[in-house]
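What follows is a set of notes on a single structure, which appears directly below.
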Amino acid sequence: MTYKLTFILILSFFILSCGEKNKKKNVISSAVEIKEDPAINLKKAETESKQQNIEKEISKKCKCYNGIGSSDTDKPILTFEFSNGKSVSVCGYKNPDSKTDQLLISEFNVFDCLNGKQIVEYGAMENCLIKTEKDLVKIELLKYLPIGKNWKWESIKVAEQNITPDINELKTSELLADYSPTQIAKSQQEDFLSSLKKGQGFGENWEQDISKLEVLSLNGNDKAWEILKNYETFTGEQTDGALAEMWKESVATVKWLTDKK
């Protein structure tokens, strides 16, 4: 009887001891969990604060200067800092059709924030899409052409220029042609070319005609290219004003973009 009683007491003590240990363990685990959350939140807050400070510093030392599309009183549309400490400001006319995740711009300059040196310049007739990645400011030159279904007008990239860090300076690439032919049905091409009559003048749709000839020429249609580059001879009329400017620009664009091949 004494032996059984002693055994029961020892067993009870063991169970109570294990319970106390588990209770303490749970308390400690809870304490650890409570301590981890503030640490993570603090680190996140410090990272956000650091990023904000960086953006503020860039904003302080980056401004606009007198250029083709800006003055020294304007605020930059975009500022960007590279890993080597150099930074740039983009100043010009932002297209109101820009989406929140893109920057469509024309008539603009990119300046070196340190000394106001102009890095690149684009005129009012040049529409660009500016993209930024790690250590890269990419400028995509766009052209508005009838490349969509039923000759729908759309913007397409025709060239690209990049700004990257180079030791303690910035390096700007040349504006390189970068055009990919679009898919236009053969029947659609033939119907349009058949509608053009030699020696019958420009017609009221000359802007659309020249643009369509440009697109087909870029796609490798030899007949369209012969008509476009000899447009005055084909129509039997002398170009002038806006028509002459557009025609010459279209011919120059085709030559430039096809010469890259």
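The values are calculated or read from the model by the stated rules, or taken from the named source; none is laboratory data. Please read all numbers here as calculations on a predicted model, not as lab measurements. A quick note on method: Cβ atoms are made from the backbone with ideal geometry, for glycine too, and the neighbour counts reach across all protein chains shown. Accessible surface areas use protein heavy atoms only, side chains included; no ligands, DNA or RNA. Shrake-Rupley method; radii C 1.70, N 1.55, O 1.52, S 1.80 Å.
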State the number of residues belonging to the stretch 95-127 that are of a type in the set (D, E, K, R), modelled with pLDDT of 90 or more and not in a strand (DSSP E or B). 1
Of everything in the stretch 159-185, what is at pLDDT 95 or above and within 24 Å of Asp209 (Cα to Cα)? Give them in sequence order. Ala159
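Does at least one position in the stretch 153-176 carry a residue that is part of a helix (DSSP H, G or I), over 30 Å from Val88 (Cβ atoms) and open to solvent by 50 Å² or more (accessible area, probe 1.4 Å)? Break it down into steps so the answer makes sense when it comes.
First, the residues of the stretch 153-176 that are part of a helix (DSSP H, G or I): none.
There is no residue in the stretch 153-176 that is part of a helix (DSSP H, G or I), over 30 Å from Val88 (Cβ atoms) and open to solvent by 50 Å² or more (accessible area, probe 1.4 Å).
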Could you give every pair whose Cβ atoms fall below 6 Å, whose first residue belongs to the stretch 174-197 and is under 16 Å from Thr253 (Cβ atoms), and whose second residue is assigned to a loop (DSSP other than H, G, I, E, B), counting only separations of at least 6 or pairs across chains? Ala177/Lys260; Pro181/Asn219; Thr182/Ile147
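Of the residues that sit in the stretch 128-148 and are open to solvent by 70 Å² or more (accessible area, probe 1.4 Å) and assigned to a strand (DSSP E or B), which one is nearest to Glu214 (Cα to Cα)?
Among those residues, the one meeting the criterion is Tyr144.
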Looking at the stretch 215-251, which of the residues that are outside any helix (DSSP H, G or I) and within 35 Å of the chain's Cα centre (by Cα) is nearest to Gln200 (Cα to Cα)? Asn221
Checked the stretch 118-127 for anything open to solvent by 30 Å² or more (accessible area, probe 1.4 Å) and touching a Leu at 6+ places or on another chain (Cβ under 8 Å); matches are Ile119, Glu126, Asn127
Among (1) polar (S, T, N, Q); (2) at pLDDT 95 or above; (3) open to solvent by less than 80 Å² (accessible area, probe 1.4 Å), Thr239 falls short only on (2)
Looking only at the stretch 220-236, and only at residues there that are surrounded by fewer than 18 Cβ atoms within 10 Å (Cβ to Cβ) and polar (S, T, N, Q), the one that is farthest from Ala185 (Cα to Cα): Thr233
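If you check Glu207 against the conditions, is it acidic (Asp, Glu), open to solvent by 80 Å² or more (accessible area, probe 1.4 Å) and not in a loop (DSSP other than H, G, I, E, B)? Reasoning before the result, please.
Values: acidic (Asp, Glu): yes; open to solvent by 80 Å² or more (accessible area, probe 1.4 Å): yes; not in a loop (DSSP other than H, G, I, E, B): yes.
Judged against the criteria, Glu207 is a match.
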